[in-house]
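The values are calculated or read from the model by the stated rules, or taken from the named source; none is laboratory data. On a predicted model such as this, the values are computed, not experimentally measured, just so you know. For neighbour counting, all protein chains shown are included, and Cβ atoms are generated from backbone atoms with ideal geometry for every residue, glycine included. These accessible areas exclude ligands, DNA and RNA; they are computed on the full protein's heavy atoms, side chains included. Shrake-Rupley method; radii C 1.70, N 1.55, O 1.52, S 1.80 Å.
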Amino acid sequence: MADSAEATQEQRIEGIAVSPGIARGRVRLSVDTLVAPLSWYVGSKAVEREKLRFREALGRTREQIRNMQEELEEGGSSREHASIFDAHLLVLEDAAVIDEVIRLLETEHRNVDRVYYEVIQHYITSLRRIPDPYLRERAIDIEDVARRVLRNLIPVPIADETEEEVRDHDQLILVAHDLVPSDTVTIDRERVKGFATEVGSATSHAAILARSLNVPAVVGLHGLRKVVENGDDLLLDGYSGLAIVRPSVATLAEYDQFKARESEILKGLETLRDEETRTADGRRIILSANIEFTHEIPQIQKQGAEGVGLYRTEFFYLNEEDLRSERRQARNYAQAARAVNPHGVIIRTLDIGGDKIWPELFDEPEPNPFLGLRGIRVSLESPKLFKTQLRAVLRASAEGKVRLMYPFVSSLEELRRANELLEEARQELREKDVPFDEEMEVGVMIEIPSAVLLADELAREVDFFSIGTNDLIQYTIAVDRVNERVAGLYQPYHPAIIRFLKTVVEAAHRNGIWVGVCGEAAADLLFTPIFVGLEIDELSVGAVQLLRVRRAVSRLDTEECKAFMEDLLKVSTTAEVEAKCISVAEAKYPELASAAVKGGKGTEAEA
Ligand code: PEP
Ligand code: MG
């Protein structure tokens, strides 16, 4: 450990790891606020000049966005990643914004930069009021585009005070309150080795791009900008979601070792890319990936996914209306199904509600959104909407391996009603001679305790289960998964969870259906011995964890893990469960276990 002077200097802040890897560099604070331009009066004649300035700035911005897209594609990123900027072009060309700016210019006679700023601020403020991560992300896109337009309207270079302190350093970590996609693309990639932000989520576009560019990134580092200055030494741990400001000599030595091990491990994992996932004794487990957008597909293919075990489809509903059409959805689902082999894609029907608020349905805030109108409840309340999605999934089933899955099922009645509507959707397609797979498998997510206890009954009426541990943990322990104040109580290794997992898997197998896990626990290497011991059939994880899970499974023996499970079921505290899991992971895949342990809990003991 460091001596006391060093220990007081070093400061650790925990956040959310969104792009793995370790990076060290000098802090480069990003100037990332949308600054209000001054307002002044323009005479009637000057209004036309202001309109022209606006059009020119829009044109220049369009060109810059297209250039960024090309640069990204030329740099080896997929077309799909570059297409994030398609959304920016849509924002830029949004007729409602342009018309409003023109109207205000004509009625208020003020300078166009100020008018544009106010119109955009109005949009951003209303989007930010909606407690929905997807819509908040759209606010970031709008802000990104607006900054660019304003820079083109006021072509005075903003003095960059940062450059002085960091000029002589070639390893930088970009620190920002939030990052916008163009920051992640236009940064000096030679020098910027990592991204650290105070807010953000794993599904933010900036996080997606950081993963695509393979740059370590940590978000949710609250208060980071208060404790760093330009040029400070910063170590970023994209595995455990840690920012270590002014790391001590001991910490640096520890991370040097970790990095050396990491590159060895990554090299070793590459060889598993085209292999099947099998336990040491040869038992097959399907290893699939979770996606939210089809543009993630190239990445999961690159990491050797055998299928998509969870396609979250909320995106269609939280974005533009025309994405929701039956044909648009069908085309998108078919594209996903064709791309991932051999297991195809499991499409989960709309799981809106909880923290994913869709303003069109939720005009009044609910007192307890996670216990409110969510998942299958929304679909059953809106059969027209639900059947559009069901027909889209059915249409896609004619073109590739597609399975359908219902989220948030809490009773047999809900499942039966959903299946009735599915039958109606099938009938409607038959009447129009639209082809679909009559044998398409239908499953339910097991993520509510009542579904666990009804697992036998549910299993008799579906083709598969997928356990949603993210919600199962929240509803079993009664701890809100998005409430930071109770984050410490959100305990995946709680003995009740282990027992529930056993109940579900046994019920599935007793009734002759297969069962997978698509919650975050599927990617947690401390859980892998549990899943092998339960003889799980499928695991579906984030792209970056695929090969690690494949390796961990390959080192485990089914019989040994079954005995381990027996042992685990006798344990009655979270700490004991966790300690036992750590000891298996450290014995069987020590090179991966250190990252797993780090990833799970940070390194409080050392802090
Ligand atoms: C889950 O609950 O574990 C799950 C995979 O679904 P979501 O995280 O989308 O609720
Ligand atoms: Mg869930």
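General observations
- Listed residue pairs exceeding 23 Å between alpha carbons, taken from K356/K401; K193/K226; K356/K384; K267/K502: K356/K401; K267/K502
- Efficiency of FRET from Cβ geometry, L380 and N470, R₀ 22 Å, rounded to 0.05: 0.50
- Label separation (H109 vs T573): 7.7 nm, computed from points 7 Å beyond Cα along the C-beta direction.
- Contour excess over end-to-end distance, with Cα ends at D355 and E74 and 0.36 nm allotted per residue: 97.5 nm
- Among beta bridges that DSSP assigns inside the chain, antiparallel share in %, nearest 5: 35 percent
- Å² of accessible area per residue within the chain, as computed with a 1.4 Å probe and no ligands counted: 42 Å²
- Highest to lowest packing among 518-525, 56-63, 36-43, scored as the average C-beta count within 10 Å: 518-525, 56-63, 36-43
- Dividing the mean sequence gap of close Cα pairs (under 8 Å, 6+ apart) by how many residues the chain holds gives a relative contact order of 14 percent.
- Here the range 281-598 exposes an accessible surface that is 49 percent carbon and sulfur, computed with a 1.4 Å probe and the other protein chains kept in place.
- The E461 and Q121 beta-carbon pair, evaluated with R₀ = 51 Å, returns a calculated FRET efficiency of approximately 0.50.
- In nm, spacing of pseudo-spin labels at Y490 and I16 (7 Å Cα→C-beta vector): 0.8 nm
- Extension gain, L52 back to L371 (0.36 nm per residue minus Cα-Cα distance, nm): 109.6 nm
- Cβ crowding within 10 Å averaged over residues, with 502-508, 214-220 ranked highest first: 214-220, 502-508
- Accessible-area composition of the range 44-153, carbon plus sulfur, in percent [1.4 Å probe]: 49 percent
- In the chain, helices alone account for a calculated mean residue ellipticity at 222 nm of -15000 deg cm²/dmol, with every DSSP H run of four or more residues adding -39,500 (n - 2.57).
- Spin-label model, H169 to R128: label points 7 Å out along the Cα-to-beta-carbon direction sit 2.8 nm apart.
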